[in-house]
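Asks: Quick one: structure below, then a few questions.
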Amino acid sequence: MHPRDWITVTRQGIYIEPGDFHIDPLRPVPRAVVTHGHADHARPGHGATLATPETLAIMAARNGGSLDGADALPYGETRRIGDVSVRLVPAGHVLGAAQIVMEYGGARVVVSGDYKRRPDPTCAGFEVVPCDVFVTEATFALPVFRHPDDGHEIAKLLDSLRLFPDRAHLVGAYALGKAQRVIALLRKAGYDRPIWLHGALQNLVDLYQAHGVDLGETRPATGAAKADMKGEIVMAPPAALQDRWSRRLPDPVTAVASGWMRVRGRARQKGVELPLILSDHADWDELTTTIQEVQAGEIWVTHGREDALVHFAKTKGLHAEALYIEGYEEDPADATGGGG
Amino acid sequence: MQRFADLLDGLVTMPSRNGKLRLIEDYLAHAPDPDRGYGLAALTGELDLGTAKPKAIRELAEARCDPVLFYLSYDYVGDLAETLALMWQGPEDTPEDPPPLWEVIDTLMAAPRTRIPELLAGWLDRLDATGRWALLKLITSGLRVGVSGRLARTAFAGWAGLPLNDVEEAWPCVQPPYEPLFAWAAGGPKPEVRDMPAFRPFMLANPLEETDMPALDPADYAVEWKWDGIRVQVARRFGETRIFARSGDDITHAFPDVVEAADFDGALDGELLVMDASGEPAPFNHLQQRLNRKTVSAAMLRKYPAFVRAYDLLQDGPEDLREHPFRHRRKRLEALFGTPRDRFDLSPLIPLNDWSRMAELRDEARARGMEGLMLKRWDSVYVPGRPKGPWFKWKRDPLTVDAVLLYAQRGHGKRSSFYSDYTFGVWRDDELVPVGKAYFGFTDEELRQIDRWVRANTTDRFGPVRAVTPGLVFEVAFDSVHPSPRHKSGLAMRFPRISRIRWDKPHAEADRLETLLKLVEAAPAADGG
């Protein structure tokens, strides 16, 4: 049976008929399998939610502490749902992020969710799973998106601190994943001063620390004295950067850590003074390498620049097609929950 | 090249002046010679490397990239040079180091046009994405990183620990990569400028406030019209002429008619104007047709002939006159320009010495096409900057109009959390049409109040811009208003600023477009410019 006959796209998202479940459903469903904790993929309100224990912890933390119908499946273990066998494999995107490996009717399908290939000190690395159908994201699927080395971007931030020692450095980063990765990379670069946090980041920073990711000392920025944050690194969700919240900081240099910062016009348009090209998504090279490494007979491309990636796959003789799903953040630069 | 690229990359997103200065100073402190000199020249616009056209970049892209992917990318990025810089793929292993900036510049200056694509490809292979972007910017469109020549010179003076005025004076006398300037910064001698057409930093006037008057004796001051052109300095030594704008930028190339007519030896301070058919100064927007141009057509020269109305003499032959009082400099100026020469005449003194007569004359300024009056102490020596007391400008009152706030945009830097840039409109029939934009004229407290009002009355959002319910009226002051095909209303204001916030005024009572049209000054006939 061809996977096209048992996998369909509905209003809720990707539906797996022989298992009667949805993947990353956009609206409440009886049974969901969730790839990772970003708000546009992990919506609350499903009857049952299967995900990694880390992803369920993230969802619970964002849901006020608990999550009904949580069903944990650690990486590598197999679970049978209906007639489908399901396994979760690290996707390298954020803590707990998983590719969903499904086997049914003699075919293996991998829904990769959001992923990246480069090492990230805050989460398990992506594993290549050979398969018949590979469902890939395409957030940065244009050859202009080649994320530089992490260390280079962190050095840019540290260099700016040296040049502007009296200014706070306000780094906009998504609350889940990016914020913790930036902190971990700073620590790796030897930066050991306390890092000041917007209230919206505290929860998940604590959660990462509880999962064994050492992020060093953090302090709440809200309520702190202005003068104390001179020359310090302050982190906030991107939406807070130009909001009234930022007026509490001493003459801040505004930085944003995102793959979108690769395009200067984009950074300028958003009023970002210090663009840091740090992304939790695969860049062009990672996407094009991955779709070849999995040796899949078919590549299905979801959210992002499907056109460019499908074109590339065809030039390599791969069978690729776009899978149109509405609702994931195509341009999460303004969102607080999404990737980038 | 890499350091220079990183500098440009930092500058392009840095909104604050101090931030930009700090980045340039840091570059000067760390970049090697002669790269840093060339880097400065690129920033001040003194390198003419506009050798590659967009067509060349497109051809390079098509030769090296998948065309479908290139055009999808270009469509997303929106900037040709940046698209190619970002997607260019060099050889897998880059054996060669990035080229130094001097090598790129020297090679480009000497290379025939046909070799440029091949040279470019070679360098692109050796640079990272930031380096490739900087290289392509350098050779195409100009840098556009928001750095004026003056800002770059200020950074140099700050880094070198030299007085800015001395740096400004020496700058036009040296060529990129400015070895004598760097030698001077390192403790060597100041470059000699006496026999060069050097720039002398301008002396500026303070606005005259009513409260100043009782303490001043009008008899101590020479009075002149404040002409509605641009302030320039024309320096000429041994047959070489330079024209400098108030910023210190060299604008010689834009005024070949003035250069050709110049036949004095020295340096004068005066007003650059365009003359109308009767030989009188034409309104400012005629002159505007001649500004900010790289080349000037013969038609432009005929239609908008430029001339200089001299009001001060800073150097006469080899003699520096700046230490002498204005009375003496004026005599020397009259001796030179007392009889009008082609393209140069004298700004006449107005024999007046009481405040009430002066006030009457100032009231006539607008009708006469003048900006107001200038008062200069007879005993004032010429010093750079804006000393308080010796010179005053007494400008005509601005025009005002009551306009309605339509859109508010977030500011930059310190103002990035405030909606601080305002587009306002006036009534045309029963709709409001935008007529201008202003972002100053209010206090910090007023800014906070307007910001709150904008947030509470938002009807729509477009990125950093919010549309608001019409309801808030500004009294907008402006110096003049001109026809402009670029604006929806067909009008453009000069120096608009918020003079009062009319919280009390219903927006239905704001002004109408007809009111503004009546204030329009005579315009030049439309042309290809």
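The values are calculated or read from the model by the stated rules, or taken from the named source; none is laboratory data. Bear in mind that the values here come from a model prediction, so they are computed numbers and not experimental data. FYI the Cβ positions are ideal-geometry reconstructions off the backbone, even for glycines, and counts take in every protein chain you see. Surface areas here come from the heavy atoms of the whole protein model, side chains and all, with no ligands, DNA or RNA. Shrake-Rupley method; radii C 1.70, N 1.55, O 1.52, S 1.80 Å.
Asks: Where in segment B:454-472 does the amide nitrogen come within less than 12 Å of the point 7 Å from the Cα of A:Asp307, taken along Cα to Cβ?
Replies: Under 12 Å, as judged by backbone N against the label point of A:Asp307, lies no residue of segment B:454-472.
Asks: Based only on Cα atoms, what Rg/Rh ratio does the protein assembly as shown have, Rh being taken as Kirkwood's radius?
Replies: Radius of gyration over Kirkwood radius for the protein assembly as shown works out to 1.03.
Asks: Give me the net charge for the shell around B:Pro384: Cβ to Cβ below 10 angstrom, other residues only, Lys and Arg +1, Asp and Glu -1.
Replies: Every neighbour counted, the sum reads 0.
Asks: Right, here's the next one. Mind ranking B:Trp391, B:Trp102, A:Trp245 by accessible surface for me, highest first, 1.4 Å probe?
Replies: B:Trp102, A:Trp245, B:Trp391
Asks: Distance in nm between label sites at B:Asp33 and A:Ala72, each 7 Å beyond Cα in the beta-carbon direction?
Replies: 6.7 nm
Asks: Next question. Taking the Cβ of A:Thr10 as the center, what net charge do the other residues with Cβ under 13 Å away carry, scoring Lys and Arg +1 and Asp and Glu -1?
Replies: It works out to a net charge of -2.
Asks: Once you mark the trypsin sites (Lys or Arg not before Pro) that are in a DSSP loop and have at most 16 other Cβ atoms within 10 Å, what is the longest gap between them in chain A?
Replies: In chain A, the maximal stretch lacking such sites is A:12-229.
Asks: Starting from the Cα of B:Lys226, draw a straight line to each of the lysines and keep only those under 17 Å, dropping any in the same chain fewer than 8 residues away.
Replies: B:Lys376, B:Lys393, B:Lys395
Asks: If you don't mind, another one. Given points 7 Å out from each Cα along the Cα-Cβ axis, report the B:Glu118 to B:Ala508 separation in nanometres with one decimal.
Replies: 7.6 nm
Asks: Need one number for segment B:172-313: average projected area of the convex hull over its C-alpha atoms, nm².
Replies: That works out to 12.1 nm².
Asks: State in Å² the accessible area per residue of segment A:150-276; use a 1.4 Å probe, count heavy atoms of protein chains only, and round to the nearest integer.
Replies: Per residue, segment A:150-276 has 35 Å² of solvent-accessible surface.
Asks: Can I ask one more? What is the dipole size for segment B:1-110, taken about its Cα centre, with +1 at each Lys and Arg Cβ and -1 at each Asp and Glu Cβ, in debye to the nearest 20?
Replies: It comes to approximately 500 debye.
Asks: On full extension of the chain, what length is gained from B:Asp379 through B:Lys488, given 0.36 nm per residue of separation minus the C-alpha to C-alpha distance?
Replies: Stretched fully, the B:Asp379-B:Lys488 segment lengthens by 34.2 nm.
Asks: For B:Lys53, give me every one of the lysines with a C-alpha distance below 18 angstrom, ignoring sequence neighbours fewer than eight places off in its own chain.
Replies: Cα-Cα hits under 18 Å: B:Lys137, B:Lys294.
Asks: For every other residue with a beta carbon closer than 11 angstrom to the beta carbon of B:Glu260, add +1 if it is Lys or Arg and -1 if Asp or Glu, then tell me the sum.
Replies: -2
Asks: Rounded to the nearest 0.05, what FRET efficiency do B:Leu216 and B:Ser148 give with R0 = 41 Å and r taken as the Cβ-Cβ distance? Could you check?
Replies: E(calc), rounded to 0.05, equals 0.75.
Asks: Between A:Lys188 and A:Lys316, what is the label-point separation in nm under the 7 Å Cα-to-beta-carbon projection?
Replies: Placing both labels 7 Å beyond Cα along the Cβ direction yields 2.5 nm.
Asks: Still on this structure, please answer the following. For a Förster distance of 45 Å, can you work out the FRET efficiency between the beta-carbons of B:Ser297 and A:Glu326, rounded to the nearest 0.05?
Replies: 0.25
Asks: Could you tell me the relative contact order of segment B:2-139? Use alpha-carbon pairs under 8 Å, at least six residues apart, and round to a whole percent.
Replies: Across segment B:2-139, relative contact order equals 36 percent.
Asks: Could you tell me which of rounded, prolate or oblate describes segment A:150-276, using a ≥ b ≥ c as the square roots of the eigenvalues of the alpha-carbon gyration tensor, with rounded for a/c under 1.5 and, failing that, prolate when a/b is larger than b/c and oblate otherwise?
Replies: Rounded.
Asks: If I take all pairs of Cα atoms in segment A:237-301, what percentage of them are more than 17 Å from each other?
Replies: That fraction is 55 percent.
Asks: Roughly how many debye, to the nearest 20, is the charge dipole of the protein assembly as shown about its Cα centre, given +1 on each Lys and Arg Cβ, -1 on each Asp and Glu Cβ, and no other charges?
Replies: Taking the Cα centre of the protein assembly as shown as origin, the dipole is about 1540 debye.
Asks: Taking 20 Å² as the minimum loss, tell me which residues in segment A:131-171 lose that much accessible area going from the chain by itself to the full protein complex (1.4 Å probe).
Replies: When all protein chains are present, A:Leu142, A:Pro143, A:Val144, A:Arg146, A:His152, A:Arg162, A:Leu163, A:Phe164, A:Arg167 each give up 20 Å² or more of accessible surface.
Asks: Report, in degrees rounded to the nearest 10, the 0 to 90 angle that the Cα long axis of helix A:53-62 makes with the longest principal axis of chain A.
Replies: With rounding to tens, the tilt is 60 degrees.
Asks: In segment B:66-81, which residues give up 20 Å² or more of accessible area once the other protein chains are added, compared with their chain alone (1.4 Å probe)?
Replies: By number: B:Asp66, B:Val68, B:Leu69, B:Leu72, B:Ser73, B:Tyr76, B:Val77.
Asks: Could you work out the helix-only [θ] at 222 nm for chain B, with each DSSP H run of four or more residues adding -39,500 (n - 2.57) and the total divided by the number of residues, to the nearest 500 deg cm²/dmol?
Replies: Per the formula, -10000 deg cm²/dmol.
Asks: Set the Förster radius R0 to 22 Å, insert the Cβ-Cβ distance between A:Arg268 and A:Asp149 as r into 1/(1 + (r/R0)^6), and round the FRET efficiency to 0.05.
Replies: 0.40
Asks: Further, regarding this structure: Give the residue list of trypsin sites (Lys or Arg not before Pro) in segment B:458-496 that are DSSP loop and have at most 15 other beta-carbon atoms within 10 angstrom.
Replies: Counting only loop positions with at most 15 other Cβ atoms within 10 Å, the trypsin sites (Lys or Arg not before Pro) in segment B:458-496 are B:Arg486, B:Lys488.
Asks: For segment B:399-517, place one equal point scatterer on every Cα, skip the solvent, and apply the Debye formula. What is log10 of I(q)/I(0) at q = 0.11, 0.22 Å⁻¹?
Replies: Those come out to -0.32, -1.33, one per q.
Asks: Note down the magnitude of the dipole of segment B:86-138 about its Cα centre, charges +1 on Lys and Arg C-beta and -1 on Asp and Glu C-beta and zero elsewhere, to the nearest 20 debye.
Replies: The dipole of segment B:86-138 has a size of about 380 debye.
Asks: At a cut-off of 50 Å², which residues of segment B:411-460 become less accessible once all protein chains are present than in their chain alone, using a 1.4 Å probe?
Replies: Those residues are B:Ser417, B:Arg455.
Asks: If contacts are Cα pairs under 8 angstrom and at least 6 residues apart, what is the relative contact order of chain B in percent?
Replies: 11 percent
Asks: Can you give me the P(r) profile for segment B:95-217? Cα pairs, bins 5 angstrom wide beginning at 0, each as a whole percent.
Replies: Result, from short to long distances: 2, 8, 13, 14, 12, 13, 12, 10, 6, 3, 2, 2, 2, 1, 0, 0 percent.
Asks: What percentage of the solvent-accessible surface of the protein assembly as shown, computed with a 1.4 Å probe over protein heavy atoms, is contributed by carbon and sulfur atoms?
Replies: 50 percent
Asks: Here's a follow-up. Separation of segment A:82-140 and segment B:200-244 by C-alpha centroid, Å?
Replies: 73 Å
Asks: Could you report the accessible area of B:Asp217 in Å², rounded to 10, computed with a 1.4 Å probe on the protein chains as they sit in the structure?
Replies: Roughly 80 Å² of B:Asp217 is accessible to a 1.4 Å probe.
Asks: In segment A:213-308, what GluC sites (Glu not before Pro) fall in a loop by DSSP, with at most 12 other Cβ atoms inside 10 Å?
Replies: A:Glu217
Asks: Suppose all protein chains stay in the model; what accessible area per residue would a 1.4 Å probe give for segment B:206-395, in Å²?
Replies: Accessible area per residue: 44 Å².
Asks: Using a 1.4 angstrom probe and counting only protein chains, how large is the accessible area of B:Glu323 in Å², to 10?
Replies: B:Glu323 exposes around 150 Å² with every protein chain in place.
Asks: Let me ask you something else. Just to be sure I understand: if you take the accessible area of chain A alone plus chain B alone and subtract the pair, with a 1.4 Å probe, what total do you get in Å², rounded to 100?
Replies: About 3200 Å² of accessible surface is lost on pairing.
Asks: Sum -39500 (n - 2.57) across every DSSP H segment of at least 4 residues in chain A, then divide by the residue count to get the 222 nm mean residue ellipticity, nearest 500.
Replies: Value at 222 nm, helices only: -6500 deg cm²/dmol.
Asks: Moving to a separate point now. Any idea which of A:Thr136, A:Gln12, A:Ile23 is furthest toward the positive side of the dipole for segment A:1-150, if Lys and Arg beta-carbons carry +1 and Asp and Glu beta-carbons -1?
Replies: Going by the charge dipole, the pick is A:Gln12.
Asks: In the full protein assembly as shown, how much of B:Asp97 is accessible to a 1.4 Å probe, in Å² to the nearest 10?
Replies: 120 Å²
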